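Worksheet: the structure to be examined is printed underneath.
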Amino acid sequence: MNNDKLVIFDTTLRDGEQSPGASMTKDEKVRIAKALERMRVDVIEAGFPIASQGDFESVEAVAKTIKDSTVCGLARALDKDINRAGEALKHAKSARIHTFIATSPIHMEKKLRMQPDEVVEQAVKAVKLARSFTDNVEFSPEDAGRSEPDFLCRIIEAVIDAGATTINIPDTVGYNIPYQFGQLIKNLLERIPNSDKAIFSVHCHNDLGLAVGNSLAAVINGARQVECTINGLGERAGNASLEEIVMAVRTRQDFFPCDTTLDTTQIVPCSRLVAGITGFPVQPNKAIVGANAFAHESGIHQDGVLKSRETYEIMRAQDVGWSANRIVLGKHSGRNAFKTRLQELNIEFNSEHDLNAAFSRFKDLADKKHEVYDEDLQALVADSNWSIENEHYKLVSLHVCSETGETPNAKLVLGIDGKEVKAASDGSGPVDAAFRAIESVVNSETSLQLYSVNNITSGTDAQGEVTVRLEKAGRIVNGQGADTDIVIASANAYINALNKLMLSEKREHPQHGDV
Ligand code: KIV
Ligand code: ZN
């Protein structure tokens, strides 16, 4: 085992997708998986195959596509879950099954209703079954952060004997504090007699804002795999953010005894892709990938940075993928220039049809906007409207009237399964009027949970990127739209959310079941 290497296990496609509204289609997952592979992520957790037919097919599609990263599927410690994960991963060049069972007193008693002895027995059985599919098996004692250390030592020793090659210690509810979590890892490594036979990993949630701190404390104390997500996406307050972990370790090589083998220049493009697909925008002051992460507002800082960058910057913007030369294309740029720039940005298309669709969207954008930046191109390809095959609803045209002293009004034509329907409505503003007009024909019975607008680049000709979150009968989806006209972007985001609701299917949550 190479003790200098920190393994990066990305769970954006599994735990990240457990954020309300972040569900992704199979094609979107494959696109993100390719971006993670390009970044040289070691392990990609592609999903929870037993959750639904769609989840199974997504994991299978990622397993068939990805060649340079290990593809992992999650399974509870149940035969049916493990068999399904094994089946979904059968085409993977390198496959891992990740099986888990809860070990904290509260989870064993209230959720599992099982005795500790039964939990150990089930964990061992699960690991042995997983080993019949692959020799790369990860075991997690769920809620390890609130489990008894003696019981953790007992179950971990047993599952390593049964063939687990990675032991992941999750702080499932984000309860731990860095010093204490670091000591837990150190103690487990010291006390478990066969701990040298497995890589120890951590998986921290951010309920107290400590997911990255806890993960790094674990690395200092011997963990050699970190589970994390792009932009810190994940259940509730999210998971440890990949970009923060990777850049902390890379920047402080004077302190950490190990490093990742990631290509960090892929971080920003990957962050934008995930934000665009999931509809979870990145806050401007987010470390590494926020729009302000390398911006210097105060005069003193600007002066210092101009004299010597190191006065206020500890990392180089270009090392995490912020490109210096961002003006790329205009309305006279042809298909070749468009394709070449996308290739330089590592944006690939599944088919000529997708490339042509994106090029025609680019032409529309370049007609409205003088300069098209890399960020515009990334939003253009991340926009899910064109990638949803067989989309049910489509905005054909929109006319809004907004005048001082008058009630705003929207008139639109909506395509419904290829048939055009007209609608009109007043509203408190043009966006409200457009949403009401759409609702007057679709009658979706949804509730609007979130509406947000961000500018993609600076300037008043910038595209507005709109996120709309809709809820219906407990199902939550995020829709996205981008346009130089924010009312059009809003209507598209609303329609995108409606289309996603039509696509989303009932699925099982890995951690809410009986076992
Ligand atoms: O947070 C958690 O405990 C998990 C497990 C399934 C590893 O996501
Ligand atoms: Zn988790």
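The values are calculated or read from the model by the stated rules, or taken from the named source; none is laboratory data. Predicted, not measured: the structure shown is a model, and the values here were computed from it. Note that we place each Cβ from the backbone using ideal geometry, even for glycine, and neighbour counts take in every protein chain shown. Only protein heavy atoms, including side chains, enter the accessible area calculation; ligands, DNA and RNA are left aside. Shrake-Rupley method; radii C 1.70, N 1.55, O 1.52, S 1.80 Å.
Here are the numbers:
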| read-out | value |
| --- | --- |
| Hey, R14 on the phi < 0 side of the Ramachandran plot, among the basic types (K, R) and either touching a His at 6+ places or on another chain (Cβ under 7 Å) or within 16 Å of ligand 1 (Cβ to nearest atom) (or both) or not | yes |
| Residue in the range 155-165 that is farther than 30 Å from L89 by Cα, part of a loop (DSSP other than H, G, I, E, B), of a type outside the set (K, R) and away from ligand 1 (no atom under 16 Å from the Cβ) present | no |
| Counted residues, the range 98-134 - those being touching a helix residue (DSSP H, G or I) at 6+ places or on another chain (Cβ under 7 Å), within 16 Å of ligand 2 (Cβ to nearest atom) and not polar (S, T, N, Q) | 2 |
| Residue selected from the range 111-121 under the condition part of a helix (DSSP H, G or I) and open to solvent by 40 Å² or more (accessible area, probe 1.4 Å), by the criterion nearest to E87 (Cα to Cα) | E121 |
| Meets criteria (in contact with a Pro (Cβ under 9 Å, 6 or more places away or on another chain) and of a type in the set (D, E, K, R)) for E445 | no |
| Residue in the range 162-182 that is more than 22 Å from the chain's Cα centre (by Cα), assigned by TED's automatic domain parsing to the domain that holds M114 and charged (D, E, K, R) present | no |
| Some residue of the range 296-309 being modelled with pLDDT of 85 or more, out of contact with any Leu (no Cβ under 9 Å at 6 or more places or on another chain), more than 16 Å from ligand 2 (Cβ to nearest atom) and part of a loop (DSSP other than H, G, I, E, B) | no |
| Per-region count, the range 206-232, residues open to solvent by less than 10 Å² (accessible area, probe 1.4 Å) and within 15 Å of ligand 1 (Cβ to nearest atom) | 10 |
| Search result, residues across the range 168-212 that are β-branched (V, I, T) and in a strand (DSSP E or B) | I169, I199, V202 |
| The range 139-154 - residue that is more than 13 Å from ligand 2 (Cβ to nearest atom) and surrounded by 23 or more Cβ atoms within 10 Å (Cβ to Cβ) and, of those, nearest to the chain's Cα centre (by Cα) | F139 |
| Residues located in the range 310-352, provided they are under 17 Å from E375 (Cβ atoms), in a loop (DSSP other than H, G, I, E, B) and modelled with pLDDT under 85 | S323, A324, N325, R326, L345, N346, I347 |
| Set E420, E445: member being touching a residue at least 24 places away in the same chain (Cβ under 8 Å), under 30 Å from the mean Cα position of the chain (by Cα) and open to solvent by 60 Å² or more (accessible area, probe 1.4 Å) | E445 |
| Verdict on P170 being in contact (Cβ under 8 Å) with a residue 12 or more places away in the chain, within 20 Å of Q511 (Cα to Cα) and surrounded by fewer than 16 Cβ atoms within 10 Å (Cβ to Cβ) | no |
| Residue selected from the range 233-251 under the condition in a loop (DSSP other than H, G, I, E, B) and touching a helix residue (DSSP H, G or I) at 6+ places or on another chain (Cβ under 6 Å), by the criterion nearest to ligand 1 (Cβ to nearest atom) | E235 |
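One line per residue, one yes/no per condition, for (1) more than 16 Å from H399 (Cβ to Cβ); (2) crowded, with 17+ Cβ neighbours inside 10 Å:
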site: S440; (1), (2): no, no
site: Y451; (1), (2): yes, no
site: T484; (1), (2): yes, yes
site: N496; (1), (2): yes, yes
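Conditions (1) among the β-branched types (V, I, T); (2) under 22 Å from F349 (Cα atoms); (3) within 16 Å of ligand 2 (Cβ to nearest atom), marked per residue:
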site: D4; (1), (2), (3): no, no, no
site: F9; (1), (2), (3): no, no, yes
site: M24; (1), (2), (3): no, yes, no
site: I44; (1), (2), (3): yes, yes, yes
site: S58; (1), (2), (3): no, yes, no
site: C72; (1), (2), (3): no, no, yes
